[in-house]
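Everything below concerns the one structure shown next.
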Amino acid sequence: MTHPTQFRYTKEHEWVDLEGNHAKVGITEHAQGELGDIVFVELPTVGTDVKKGENLATVESIKAVGDVYAPMSGTVVEVNTQLESSPETINQDPHGAGWLVILEVSDPSEADSFLDAPSYEQYLSEG
Amino acid sequence: MRYIANTGADRRAMLAAIGLSSLEELFHDIPQEVKDRFQPLELTVRSEMEVAQVLKELVTLNSCQQSSISFLGGGVYDHYIPSVVSHITSRSEFYTAYTPYQPELSQGTLTTMFEFQTLVCELTGMEVANASIYDGASALAEGVLMAKRIVGNGRVAAAQSLFPHYRRVLDTYCWAAGIKVIEIPYTNAGTCDLTALPQDLSSLVIQTPNAFGVIEELKGVKERLKDALLIVVTNPISLGILAPPGQFRADIVIGEGQPLGIPASFGGPFLGLFATRERYLRQMPGRLTAQTVDAEGKIGYTMAIQTREQHIRRERATSNICTNSQLCALAATVYLASLGADGLHELATLNLEKAHYLAQRITALPGYRLAFEAPFFNEFAVRVPTDPQAIRARLKEERILLDDPRFLSALGAPNTLRFAVTEKRTKDELDRLVELLEAM
Amino acid sequence: MNTIFDHKLAKGVGGLLPALDVPEQGIEKLIPSSLRRTHAPRIPNLSEPELVRHYTHLSKVNYGIDDGFYPLGSCTMKYNPKINEDLARLPGFANAHPLADEDLVQGSLKLLYEASRYLCRIAGLVEVTLQPAAGAHGELCGMFLVKRYFEKRGEEKRKRILLPDSAHGTNPSSATIAGFSVTEIPSGKDGMINLATLEEALDDTVAAIMLTVPNTLGIFEERILEVTNMVHAAGSLCYFDGANLNAFLGRARPGDMGADIFHFNLHKTLSAPHGGGGPGSGPIAVAQSLVDFLPVPRIVKDENRYRFDWNSPHSIGCIHSFYGNFGVILKAYAYLLLLGDTGLREVSENAVLNANYLQESLKQTYPLPYERLCKHEFVLSGKGLGEGISALDIAKRLIDYGFHPPTIYFPLIVPEALMIEPTECEGKETLDRFIEAMERIAAEAKENPRLLHEAPQYTPVRRLDQTRAARQPILTYPFDER
């Protein structure tokens, strides 16, 4: 299984690692593969309030622009600034060093509707 | 028809292959009602020789150029164009190519784009330049939209001393984008008056040399702007001797590239120059070419950061621009390369010296004085003692052409004539002009 | 590839400009030091032979329509008659200053006036502005007109533009820059607009629909009259993107299909060259209801005199420094005179015949997702041709066969799209060679896919590292590393 079991997943191909009210967000192995070589990442500024479904970040490859939507509502408390100089980290380690943003979420129960790893992989295989 | 290769036999064979019996059937999907309403142009076919004749007769109605001496300016200047420019731009490998989407077949276009970007940066003192916008005025409008995207404020301050055609285009774009344009007056010296600069701006637009020919003092302007971007409109030839706007921390530099080896052509096609800071790269409009390497490690060029552009980002693109002014950018590139740095300096100096010679001779005449005392480059405004239209009409009889003084009176400078002097004006022509003024 | 900057920065060679013939005063005296340049721009000083060889070499590593077949879909890469280039260079046209008095430029004014009359008639609409400098600029101007139209009617709530999912990228972008929001409407299974979907999308917040006719799949909207009637009945306007006018030139008019605004691409349909990316010209024609809002100045004719008319209180203003790309408009004008009505009909006839012949021949080998009579272009899919074979691979392999590739990855609704537009200029012989190359590539994709992945092999550069160009973009010459 390429998708870590401790994460939750959205149908928009994002993963969420929820600890208390802190949610680490990234894009999945599948999403990075679809985009191809990632060349640029646009991250929000720390302190930004976002609502679930709003645009959180943008991930660009040469020929496509991928929007990352806020999987949950909350405030941006940390961004992965390393990606600004090394966007390829997302390709190399999407579920680890390629994380995008940490949110302080207002309602952790928003994650209840997310997929677990087997369901996400099931979702992918139904493609 | 001359431009079609198929013969009647070809067409019959192709129709048979498709399984149709007539050419008309190719259009059966167009509603009959639409086809019935069709009306032709009522134009007969003409031979190439006849068409050439029609156009050659038409051009005789343009009496402007025959033996006339032009002091027309206002952003479009009568510079000498070295022969080499049109010889290169006439190479059909360049002019019959499309946008270089296939870099392996387009290294010629791409390399010259890269050269052009570099030249624009060298001239303006900026870090990145795109491969061109339609013209100076639309480049300015794009710059103001970009500043709004970056700063997020819907107000722009624009110097009153902008060329009117820049201002008109800016007003149209700003109306549509919901940006308020605030006009900044000029001082008695003809320079932008920044004493009462409004707050909460996304950008300030200053032109130098401005519509009166006056060179603006850019030092310290950016420091007064807080978050707003400084947008400078300039004449590329003047940058042969004037300090580049980049030196004064300009955020965006705009220019009309026509003086760089492009004919006046009744106002187009022209060449919008657009340069900015590297930190604004992702917000920039227009195409960019980057240097890279191929699969074998060889240096080559390719379009880059296309994710900003309309064909990828669609409704969220930085601009809707697609077609630009590539062939004019090639002309400007070859023009600058044919001059070299030394030639550009020599050219700018010729313009400067001749303009000042004429200005000094005119202002030695009784009643004539410079409308503004600030330094100028190759264009200057003169307050005249009598009706400027009458002076202009008299000169026109002698086939000496000046800009309509209404342009300047609309900017608040009445009884003023503007003279643009390029390297093409000879001492004899300048003296002749002065003699005629003296005789009035 | 060498650039001019790889040449020496030697002392100037001079010889272009005359000596100063007025008494020299010196820059130091005329310009205060604070305004003067302290460092010369780094522009090399080359001898003329070096310069000419540099650019001649660069021209030889470029491919234009004069080099061969250029079936770039949606771009109408037709031959550019040589006479037009000569005529645009006539000194009386080339040197006419845009601010010269009207009486001195009657020839230029007459040309613009007559060109606008012809374009009106081709569009089947009542008035034209020649100001837009490109197709996308025409779209933007058209969106400005739509905005002004509803502003004057007090219907500012109409803020949405409907766009079929096959629209050119410029359409959504133009609409957004003009302050509208975009609603995409999916195409039906037949590649055309689904009337029920359209009905659902139309309400009193819709300002206009932007249609490309025929659409980017090369399919003529057979229900075009129903579509435009529905849009008009909802109080909205119909904008037609004219990029594909070559498909029905000389036999149908957008005005008769219900267009309120129609843009031309003179550099596509009317033979002006593309110049490696521009300049173009994108005049727009409009229906009576929009005439008052057109840009100023308009060119009018009094008796036998032509002049500018600035008096148009409801106009959107100006969108170009002057009157549009005169030099490009001139070429289109000359082309219309060369062709006449019969020539225009032959254009669409041969363009559509060529496209259908190619479609029919290639659909045996390549999937054709929308199978029906096409107009001037059609879209194949490169999907499923072979393991790991992409549209890009096919395109690059075509280069090895001496052809410019078609447009790829557009429209977005076809996977691995190959969008092919042969234009009227190509003869059957060329088309047959192209078909043969495409068939061989399809075979290679199965037998020897390496040939595709590694293509092109014979070009001055091989496939370029786009990722590197995007991650650390080098956008100006790296002088410091020399």
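Derivation of every value follows stated rules applied to the coordinates shown; laboratory data play no part. Predicted model, so just to flag it, every value in this text is computed and none were measured. Cβ atoms come from the backbone with ideal geometry, glycine included; neighbour counts cover every protein chain shown.
General observations
- The length gained on full extension between B:ARG2 and B:LEU365, counted as 0.36 nm times the residue separation minus their Cα-Cα distance, comes to 124.5 nm.
- Put a plus charge on the Cβ of each Lys and Arg, a minus charge on the Cβ of each Asp and Glu, and nothing anywhere else: the dipole of the protein assembly as shown about its Cα centre is then about 2400 debye.
- For region C:426-482, Kirkwood radius (reciprocal of mean inverse C-alpha pair distance, Å): 14.9
- Region B:267-356: chymotrypsin sites (Phe, Trp or Tyr not before Pro) falling in loop per DSSP and having at most 12 other Cβ within 10 Å: none
- Note on B:18-24: average number of Cβ atoms from other chains within 10 Å of each residue's Cβ is 3.
- With R₀ fixed at 25 Å, the C-beta to C-beta distance from A:GLU78 to B:LYS226 puts the FRET efficiency at about 0.30.
- Footprinting exposure proxy for A:TRP99, A:TRP15 (fewest neighbouring C-beta atoms within 10 Å first): A:TRP99, A:TRP15
- Neighbours of C:ALA207, meaning other residues whose beta-carbon lies under 14 angstrom from its beta-carbon, give a summed charge of +1 when Lys and Arg score +1 and Asp and Glu score -1.
- A simple spin-label model places pseudo-atoms 7 Å from Cα toward Cβ; at B:GLN160 and C:ARG36 they are separated by 3.3 nm.
- Integer Hz, Karplus 6.51/-1.76/1.60 couplings in order for region A:104-114, x for Gly and Pro: 8, 8, 7, 9, x, 5, 4, 6, 4, 7, 6
- Distance between region C:190-255 and region B:1-15 - C-alpha centres, whole angstrom: 31
- For peptide C:248-254, the mean count of partner chain Cβ atoms within 10 Å of a residue's Cβ comes to 4.
- Loop-located trypsin sites (Lys or Arg not before Pro) in region A:4-64 whose Cβ has at most 12 other Cβ within 10 Å (DSSP): A:LYS11, A:LYS51
- Chain B: calculated mean residue ellipticity at 222 nm from DSSP helix runs of at least 4, using -39500 (n - 2.57): -11000 deg cm²/dmol
- Rounded if a/c under 1.5, otherwise prolate or oblate - region A:8-122, Cα gyration tensor axes: oblate
- Given C:LYS363/C:LYS383; A:LYS11/A:LYS52; C:LYS189/C:LYS396; C:LYS82/C:LYS268; B:LYS180/B:LYS219; A:LYS52/B:LYS148, the pairs whose alpha carbons are separated by over 20 Å: C:LYS189/C:LYS396; B:LYS180/B:LYS219; A:LYS52/B:LYS148
- Overall form of region B:8-48 per C-alpha gyration tensor (a/c, 1.5; a/b vs b/c): oblate
- The alpha carbon gyration tensor of region B:52-168 gives principal lengths a ≥ b ≥ c with a/c of 1.5 or higher and a/b no greater than b/c, which makes the shape oblate.
- Spin-label model distance (nm) - C:GLU50 vs B:ASP431, 7 Å beyond Cα toward Cβ: 3.9
- Based on DSSP H segments of at least four residues, each scored -39500 (n - 2.57), chain A has a per-residue ellipticity at 222 nm of -4500 deg cm²/dmol.
- Exercise: per-residue mean of other protein chain Cβ atoms within 10 Å, B:326-335: 4
- Between region C:161-182 and region C:424-446, the Cα center-to-center distance that results, in Å: 35
- Cα centroid separation, region C:276-305 to region B:246-280: 25 Å.
- Taking amide H as placed 1.01 Å from N in the peptide plane, C:PHE69 has its amide H under 5 Å from the amide H of C:HIS404, each at least 5 places away in sequence or on another chain.
- Adding -39500 (n - 2.57) for every DSSP H run of four residues or longer, then dividing by how many residues chain C holds, sets the calculated 222 nm ellipticity at -11000 deg cm²/dmol.
- Highest mean packing first, where packing is the average number of other Cβ atoms within 10 Å per residue, the peptides C:332-345, C:181-194 line up as C:332-345, C:181-194.
- Theoretical FRET efficiency, 1/(1+(r/R0)^6), r = Cβ-Cβ of B:ARG249 and B:GLU24, R0 56 Å, to 0.05: 0.30
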